[in-house]
1. Can you tell me the alpha carbon radius of gyration of the range 229-311 divided by the globular rule-of-thumb value 2.2 N^0.38 Å?
2. Just subtract the alpha-carbon distance of THR338 and MET368 from 0.36 nm times their residue separation and send over the number in nm, one decimal.
3. How high is the relative contact order of the range 191-256, in percent, with contacts defined as C-alpha pairs under 8 Å that are six or more residues apart?
4. Could you compute the net charge surrounding GLU564? Neighbours are other residues with a C-beta less than 14 Å from the C-beta of GLU564; K and R count +1, D and E count -1.
5. Let's test this: bin the Cα-Cα distances of the range 169-252 at 5 Å from zero up to the farthest pair and state each bin's percent.
6. Would you indicate which of [x] 27.4; [y] 24.8; [z] 26.5 is the value of Kirkwood radius over Cα pairs in Å derived from the coordinates of this structure?
7. Based on alpha-carbon positions alone, could you give the equivalent ellipsoid semi-axes of the range 1-65 from the gyration tensor, as √(5λ), descending, whole Å?
8. Report the extension gain between VAL86 and VAL549 in nm, rounded to one decimal, defined as 0.36 nm multiplied by the number of residues separating them, less their alpha carbon distance.
Amino acid sequence: MRIADVTIEKLLVEGGKATPEQISELKQAADSSHKPLQSLAVENKLLTAVELTKLFAAQAHIPFVEIDPRDIPSEVLNKIPERIAVQYRAVLFKIDDDGLMHLAMDDPDDVQALDFIQKEIGENTKIYIATRDNILACLENYRGDVNEQLKDVIDIQREDDGSDQQVTEADVSEDSPVAQTINLLLEYAIRSSASDIHIEPREGFVQIRYRIDGVLKEVNRLPRNVLGALISRIKILSNLKIDERRVPQDGRFKIKVAGKQYALRVSTLPIADGEKVVMRILDESNQAVSLESLGYWGKSLEVINQALTEPNGVILITGPTGSGKSTSLFSILNILNTPDVNISTIEDPVEYKIPGVNQTQTNAKAGMTFASGLRALLRQDPNIIMVGEIRDGETANLGIQAALTGHLVFSTLHTNNASTSLPRLLDMGIEPFLIASTVRAVVGQRLVRRLCMTCRQSFQPSPEEVEAIKRTFNLSNEAMFKYVHQLEEIAKAQSVGGDTPLGTNDTTLTLLWRASPKGCDECNHTGYKGRVGIYEVLGNSIPIQKLIVANATSNQIQDQAMSEGMVTMQTDGLVKALRGQTAIEEVLRVTKE
């Protein structure tokens, strides 16, 4: 809905969301960018789209509503044909026993649209206002069960012989069954919150798997004869060479689902049974979240925040592939992204686009490696540099030199934990005294699946389970257990796990949480919904600097950091399990060495 600039001014002032000075700045920005005040107010975080809609609703005396798409009965929704609902962004979400119909609209001021809809459904309607995103999410309900639709489309393509067929132009056209299959696979993946789609040829079929919350799950098997057309269609979308099947290719394309834009990073690879495709799904409308929301708390949050205030130095984020390093960097860069600093990055590939940040993609064929890109960045007068990954001594050396010459440098390393990254830099040929004087903090991280808050189950562990947990997490004496109890109290005070009761006392475990075996509709019957990070943040104190210069082992560095209050990843995971955010099994799955 488009709200007049005069009305926006009034709403911001009366709602206490902006000062006259801020509104004056907004108006100047609106004049120079030719954007409406409404968009700029939300972009500048003076208020959210929901808050703005609520303020407008109160002023226009139209009730505001936030609809859960799952609560709309299909017979109610279908009273308005899909074509009309989409055109006028209107959703019928409830009908009372007395026949009163509840209609939500993005723009209830559109009299023409309202007249048209009331001719269709009758005039006994109560009008509400909802946000555009909420309406678009509800309109997705018209699509019905994606799995059923996929089955119908696949049945059209099923042939008896199961062999690969010759791909014709008609097979890969916009309205072909193959194009519909890909659209439905993408849509179902996005609805399932999958991060990756794997299309894998097998001897007699094509296996489709989604990675959901870090775990691969088979969702479908397609007939083998559609493989050629399927891969060709994906290559057309991602602008790749259709006739090149012998070498790997990389590309990307964008789609919109429920009003949100998603970028898909496509990778093809020849394997024994044909060509395999993996598509990484990146939600481009995703806002960067705070470090607290990612799962940082206590000492870890304190050390990372301190490192971010430093004018120069190196901050490293470590962990295996898929441990959330890019998301952590994305959030950190957004915190530091202000108009008075120049942030430049060199990435492979550019995953998240950040407005106001200069992002460069590596291209090894053209000679644009991390090292050559970093060398060029240093001539671009940056304040903050982000190097996607330190893979070799040359890149590491340039990063250290950049930190010595007054830049704040962020990068990632593939190591098992925070303390092993310092010997890893030594192994790359960096002098110990340079590491000691430039590295500000090292973050080690993993991702664990978050328990579904709707159906998680609490239980009292048996004495045998308590002993097993004490052995696994090395809580060998009373002092160690008391330490974990104190950590849990700190975590509760910092709202980790909300109002979940404490799971420990000074001497034993009293309460634990697990996933519901059957799950619920909210979590797609898996017992888990989303993921949360577990972290260890190693601050480079003077005693640790002395150990680095003395070529100490990673175990010695870790012991010193723990004596200074560093919480290890496994202990952080244990505290989050006690706070009901994840399960003990999940923590062990990602941290057991």
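The values are calculated or read from the model by the stated rules, or taken from the named source; none is laboratory data. All values derive from a computational prediction rather than experimental measurement. Quick reminder, even Gly has a Cβ in these numbers, built from the backbone with ideal geometry, and neighbours come from all protein chains shown. When the accessible area is computed, the model is the full protein with side chains, heavy atoms only, and any ligands, DNA or RNA have been set aside. Shrake-Rupley method; radii C 1.70, N 1.55, O 1.52, S 1.80 Å.
1. With N residues counted in the range 229-311, Rg over 2.2 N^0.38 Å equals 1.65.
2. Contour length minus the Cα-Cα distance gives 8.0 nm.
3. Worked out over the range 191-256, it gives 20 percent.
4. -1
5. The percentages, shortest bin first, are 3, 14, 23, 25, 23, 10, 2, 0.
6. Computed from the coordinates, Kirkwood radius over Cα pairs in Å corresponds to [x].
7. In descending order the semi-axes read 20, 12, 10 Å.
8. On the way: separation 463, 0.36 × 463 = 166.68 nm, distance 6.50 nm.
Separation in residues times 0.36 nm, less the Cα-Cα distance, equals 160.2 nm.
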